[in-house]
1. Order by neighbour count: 121, 107, 127, fewest other Cβ atoms within 10 Å first, most last.
2. If you take every residue apart from residue 105 with its C-beta less than 13 Å away from the C-beta of residue 105, what net charge results, scoring Lys and Arg +1 and Asp and Glu -1?
3. Where does each of 58, 140, 103 land when they are ranked from fewest to most other beta-carbon atoms within 10 angstrom?
4. Mind checking the full-extension length gain between residue 145 and residue 126? Use 0.36 nm per residue of separation minus the Cα-Cα distance, one decimal, nm.
5. When 31, 42, 131 are ordered from fewest to most other Cβ atoms inside 10 Å of their Cβ, what list results?
Amino acid sequence: MCMQSQPAGHTLQPTAVLHEAFVKLAERKSTDFKDEDHFLATAATVLRSVLVDHARRRRSKKRGGVAWKGSVDEFQPVEPSVEVGGVLALEDALQQLSKDDPRSAQVAELRIFGGLPMDQVARMLDVAVATAERDWRLARAWLEREYDVGLKSMVAEDAA
């Protein structure tokens, strides 16, 4: 979900992200995963690390910026050269949130990087859908308030 509306000239294409994530996942044994949900959660974490690693490499080359545009579900940089700051700001925010509320941070990771529907997130975390939805609302509000990442309110799609 994180890259679905990136411009054509984006510095890290979705295919490259998936390829790098596939390589990292392929290095693991199939027995490393308890079930499909565990695999999907691991894939979301791997996708997050691929994007963050790319952003850090770009940042180290003194490129990028800090602007965000859109909602968490439609994460977009203001322009292609600016995604570095947004990804790193999101990473910092999620790390801090995980210290304060680990489950909300996990819900956010599964939604943002895994693109998983709320019912699947709830099942994966062994909580009620209403609990997962509350955690998601808390994570979004926290990211807006604490990190001022310019997130707008989510649309009705989150109710599903």
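Readers should treat all values here as calculations from the given coordinates under stated rules, not as data from a laboratory. All values derive from a computational prediction rather than experimental measurement. We place every Cβ from the backbone using ideal geometry, glycine too, and count neighbours over all the protein chains shown.
1. Details: 121 26, 107 29, 127 16.
Lowest to highest Cβ neighbour count: 127, 121, 107.
2. Working: positive: 48, 99, 103, 111, 140; negative: 91, 92, 100, 101, 109, 135, 146.
The answer is -2.
3. Numbers: 58 19, 140 24, 103 16.
Fewest-to-most ranking of 58, 140, 103: 103, 58, 140.
4. Numbers: separation 19, 0.36 × 19 = 6.84 nm, distance 2.76 nm.
Fully extending the segment from residue 145 to residue 126 adds 4.1 nm.
5. On the way: 31 6, 42 18, 131 14.
The fewest-first ordering by Cβ neighbours comes to 31, 131, 42.
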